[in-house]
Amino acid sequence: MDNEEAKSILTQELEQYRNLSYSQLLTLLEETKHIETEGASGAKYQIDIYRVWDDKPNGNLRVIAAIDDFGWRAFAPLSDCFILRPNGAFVDE
């Protein structure tokens, strides 16, 4: 897997969720979005995006994204995440 290409794709997908409000993310809570895509190199990737409570219900929301190449990397996907507070501020990690 081309880690640089995969990271770029993952960042683009995760950015869509960074632009949503806390209330919009709440409507997607505990759903997993599964995406299959192709990089500029022609490599195929699968991405899973999860939205979960970070610590406790009605608190911070964590959005986690993971990408792999359908191969061995599925056992150790490249991942990234962010945490959003109820007031709309991001938690610095």
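Laboratory data are not the source of any read-out in this text; all were calculated from the coordinates shown. Just so we're clear, the structure is a prediction, and the values are computed from it rather than from any experiment. Note that we place each Cβ from the backbone using ideal geometry, even for glycine, and neighbour counts take in every protein chain shown.
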Give me, ordered by chain and number, the residues 5 or more places off Asp2 or on other chains with an amide H under 5 Å from its own placed amide H.
none
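Could you line up Lys44, Lys56 from fewest to most neighbouring Cβ atoms inside 10 Å?
Values: Lys44 12, Lys56 7.
Ordered by Cβ neighbours within 10 Å, fewest first: Lys56, Lys44.
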Just to check I understand the Karplus step: with θ = phi - 60° and J = 6.51 cos²θ - 1.76 cosθ + 1.60, what whole-Hz values come out for segment 39-55, glycine and proline as x?
x, 4, 6, x, 5, 9, 9, 10, 10, 10, 10, 10, 10, 9, 5, 6, 9
On a straight-distance basis, which aspartates and glutamates could pair with Lys44 in a cross-link, Cα separation under 13 angstrom, same-chain partners fewer than 8 positions away excluded?
Asp2, Glu5, Glu36, Asp68, Asp69
Leu78 long-range amide H proximity, modeled H, under 5 Å
Ile67
Which angle from 0 to 90°, rounded to the nearest 10, does the C-alpha axis of helix 3-18 make with the longest principal axis of the chain?
30 degrees
